Amino acid sequence: MSDASSLADRVFVALRDDLMSGQLAPTERLAESSLAERYEVSRTPVREALARLLADGLIERRERGLYPYRPSIEDLDHLYELRTTVELRGIARIEEDDSRRHDRDILGPELDHWKRLRRNVPRPDAGFVSEDERFHVALLSAAGNQALVAALELVNVRIRPVRMFDYLTEDRMLATIDEHIAVAERVVDGDLAAARDALSTHIEASRRVAIRRATEALSMAGMIRALRS
């Protein structure tokens, strides 16, 4: 591999990780010059990395350049369908094979973490989405199929721009914490059918909120465009 290819790969991985971790805001324009400065490289490897990310669907071209991917209402609905399939499959694969078990070393600390959050509920904050994602990734990791985990992480990146607005009210914070505890406790207790039902209900509640938020955002954007015209 040439030095140029290696540098382009390094920038691609760094930029992809920053997108997946939410380090780059959904509204942030991905300009070659600023990214080159961020990663301390020339613009050429940045340009190559952006082309790959565009092909992978993690970024998109809008009016004035490239931005982190922002799903349409239809895309959001389809991505939630995929998310539900992936996450429920994690529980189903344990149910179907008596030799498989959830990893308690992953689930135990995660359950303890959410019980601590329940005792001291954080203030509503868009950044709480990272806590939520961590729970779902941990739950799926404990089921032992890293391919499913990788699929979920990609879905998380694509729905995060909308889900960041999921945790702006106290009732959503409390509901999420309580639902996570309920799912994890059922898995730890071995009641996988109840865990699967609770997880399905939890994801569906998130889907409804996400679609409502996205619809509200599109309506507001339309009003702003109308006022400017």
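Points to keep in mind about this one:
- Helix 192-228 axis, angle to the chain major axis (alpha carbon atoms, nearest 10°): 30 degrees
- Pairwise Cα inverse-distance average, inverted: Kirkwood Rh of region 63-196 (Å): 15.8 Å
- For the peptides 180-188, 53-61, the ranking by packing is 180-188, 53-61, with the highest mean count of neighbouring Cβ atoms within 10 Å listed first.
- Where the alpha-carbon atoms of region 3-68 are placed on the principal axes, they occupy 32, 21, 20 Å, in descending order.
- Dimensionless Rg/Rh of the chain - Kirkwood Rh, Rg from C-alpha atoms: 1.01
- Distance in nm between pseudo-label sites at ARG10 and GLU60 (7 Å out along the Cβ direction from Cα): 3.3 nm
- For the chain, the longest principal axis of the C-alpha atoms and the axis of helix 104-119 are separated by about 90°.
Read-outs: derived from the displayed coordinates by stated rules, not from any lab. All of these numbers come straight from a predicted model, not from anything done at the bench. Note: ideal-geometry Cβ built from the backbone for every residue, glycine included; neighbour counts use all protein chains shown.
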